[in-house]
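Structure first, commentary second.
The values are calculated or read from the model by the stated rules, or taken from the named source; none is laboratory data. Just so it is clear, the model here is predicted, and its values are computed rather than measured. All Cβ positions, glycine included, derive from the backbone under ideal geometry; neighbour counts span all protein chains shown. Quick note on the areas: whole protein, heavy atoms, side chains included, nothing else; ligands and nucleic acids left out. Shrake-Rupley method; radii C 1.70, N 1.55, O 1.52, S 1.80 Å.
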Amino acid sequence: MKRNWGTVLLSTMVISGMTLTACSSKDPGKENEGKSQAAAGVSSDGFPIVKEPIKLKMFTRVAPTNGPFKDMPVFQDYEKMSNVQVEFIEAPTDGFNEKKNLLFASNELPDAFYRSGLTPLEAVRYGSGGQLIPLEKLIDAYAPNLKKLMDTYPEIRSAITTPEGHIYALPGIVTVGSARTDKRWMNQAWLKKLNLKEPETTDELYEVLKAFRDKDPNGNGKQDEIPMTARNGLSIVPLMAGSFGLDFQLGYNINLDNDKVQIWMGGDRNKELLMYLNKLYSEKLLDQELFTQKEAQYLAKQGTGNTGFFFDQTNNPMLDGKVENQYAGIAPLKGPHGDRLQLAAPVPRDFGAFAITSVNKYPEATMRWIDYFYSDEGSTLLRFGRKGENYELRDGIPYYTDAFLATGNQSKITPYAGGGAPHLISEKVASYINPPQVQEAQKKLDPYMPKVRYAAPMFDEETAQKINVLRNDIDKYYEEQSTKFIAGALSFDKWGEFQATLKKMGMDELQKLYQDAYDSLKKQK
């Protein structure tokens, strides 16, 4: 599983401006009548969760790589363990959001939404409207695994709690560092051939890339090497931003300085970053197809061995080309002011992965059901299936067996494939995406990881709509102009006009809205 963190962080935040849908016409109080009696039969720990079997309906997204949920070992075995029978209402990725919205609009609700990608705005809207129930008390009483994670990583709570103090949806949680970063893969064979050391600074990287361009490290007598590449478009900005002291807090282009929110898009440090990238691009040290290539093209370049420096979460693309030994991860580069920050995605991710609706007669049992997957044991079952049949333990870590890998059915047995499943990704369950080469690359990044990476905060509906309107214009303008700056289509003499336009578009107002949200987060602690 790979995540393009640069694109995630620079793209417009998903606080969609959907048309307001009909809220529940039923009385939530009456809907919840009898739930305390149902709770009496729910065990506080261990299995089964309930003595007598109960049935739940959950609406879920099915990725193209998945098989039917009812055939997955995790749900077959967990039903026997828990006494909770789940009927999954499956909807394909294409058209999924439309079907989800229709359920809310028609008030034809399932008992829970599983892997349903509810946006923060949807969670607030349907929670305050009574169609989703608040989960904070259920978490305290029936979710010890999730509660422990929230206590260990306070940024989880801040990412899922509304300004009014409610939690309406649960995220996926990623505690393993290597699943939160893009590694910096450097062609060691080229360094060795050219008698170069690994670059430590942005200036040293520039010199290394020039050598890759000019000194024929692949030995074919042609100047066909790609010194440096990255994913399409502005993904290169967050990948290099840490060297210029630029952070990505609160899910946006934000530095936090003494609890002050600073949106840095029009700042001097960002200008320096864009000028550096422009120098690389104009001298053909940065891939000339950066703004046009598709994801498949980018991944293919990683497998050729003809690229000097690139970024990726895993080493999977290199394995396809059998060139993995040619590359090793390097540390973040020290910038002109001594900055050396590593971008990392937040611990809470996949917001809205799970929610319980007001028609659910067994919310306590449902919370206990989902909490199991926030443990290493439950996550192992979800991601790896059955011990012996699908995986084996090596030093206490689950690995797919060679026989099962040979079937090519890994994505068929788990809802993890395709992303968005509510569960824990820790070092103990990440062997498939965290092999030794990736672990070694991550060790180079660990000293420069942020202590806390705040995810995008929850906003009330009115504020979310304001931010959505402001960001639609600001983000589009920033991405268009930054692309032109890097590609040389816009002179840096126009930087003052760029700054003035951002201000005119409401940058100060946007910054204040994020400041208010951050101040609210600090008060919740």
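Leaving out ligands and nucleic acids, and using a 1.4 Å probe, what accessible area per residue does the range 75-205 come to in Å²?
With all protein chains present, the range 75-205 gives 38 Å² per residue.
Nearest 5 percent is fine: what portion of the DSSP beta bridges confined to the chain is antiparallel?
Details: 24 of 43 bridges.
The antiparallel fraction comes to roughly 55 percent.
Pop the C-beta distance of residue 140 and residue 503 into the FRET formula with R0 = 41 Å and round what comes out to the nearest 0.05.
Calculated value: 0.40.
Tell me, what are the semi-axes, in whole angstrom and largest first, of the equivalent ellipsoid of the range 420-484 as set by the roots of 5 times the Cα gyration tensor eigenvalues?
34, 19, 12
Rounded to the nearest 500, what is the 222 nm mean residue ellipticity of the chain from helices alone, with -39500 (n - 2.57) per DSSP H run of 4+ residues and division by all residues?
Computed mean residue ellipticity for the chain: -12000 deg cm²/dmol.
Could you tell me the ratio Rg/Rh of the range 46-113? Both radii from Cα atoms, Rh via Kirkwood.
1.03
On a full-extension model of 0.36 nm per residue, what is the gain between residue 284 and residue 407, subtracting their alpha-carbon distance, rounded to one decimal in nm?
40.0 nm
Using the Kirkwood formula on the Cα atoms of the range 238-299, what hydrodynamic radius do you get, in angstrom to one decimal? If you can, show how the numbers build up before the last one.
Working: mean 1/r = 0.0755 Å⁻¹.
Across the range 238-299, the inverse of the average 1/r is 13.2 Å.
Roughly speaking, what % of Cα-Cα pairs in the range 54-172 are separated by over 19 Å, rounded to a whole number? Walk me through the numbers before you get to the answer.
Working: 3828 of 7021 pairs.
That tail contains 55 percent of the Cα-Cα pairs.
For the range 385-434, how big is Rg over Rh, using alpha carbon atoms and the Kirkwood form of Rh?
Value, to two decimals: 0.94.
Using the heavy atoms of the protein chains and a 1.4 angstrom probe, tell me the accessible area per residue for the range 301-450 in square angstrom.
Here the per-residue accessible area is 35 Å².
Need one number: nm distance between label points at residue 258 and residue 214, each 7 Å from Cα along Cα→Cβ, rounded to one decimal.
Placing both labels 7 Å beyond Cα along the Cβ direction yields 4.5 nm.
For the pair residue 81 and residue 151, what calculated FRET efficiency results from E = 1/(1 + (r/R0)^6), where r is the Cβ-Cβ distance and R0 = 25 Å, to the nearest 0.05? Intermediate results must be reported in sequence, preceding the final value.
On the way: r = 26 Å, r/R0 = 1.03.
Efficiency for this residue pair is about 0.45.
Within the accessible area of the chain, what % is carbon and sulfur when the probe is 1.4 Å and the other protein chains stay in place?
Carbon with sulfur: 50 percent of the solvent-accessible area.
For the cross-link pairs 192/494; 301/466; 215/279; 428/466; 222/334; 183/279, which exceed 30 Å when the distance is taken from alpha carbon to alpha carbon?
192/494; 301/466; 428/466; 222/334
Can you return the lysines within cross-link range of residue 99? Criterion is Cα-Cα under 20 Å, with same-chain partners fewer than 8 residues away left out.
Within the straight-line cut-off, residue 99 pairs with 57.
How large is the convex hull of the Cα atoms of the range 273-368 per residue, expressed in Å³ as a whole number? Numbers along the way, then the final one.
Numbers: hull volume 21.4 nm³, N = 96.
Taking the convex hull of the Cα positions in the range 273-368, it is 223 Å³ per residue.
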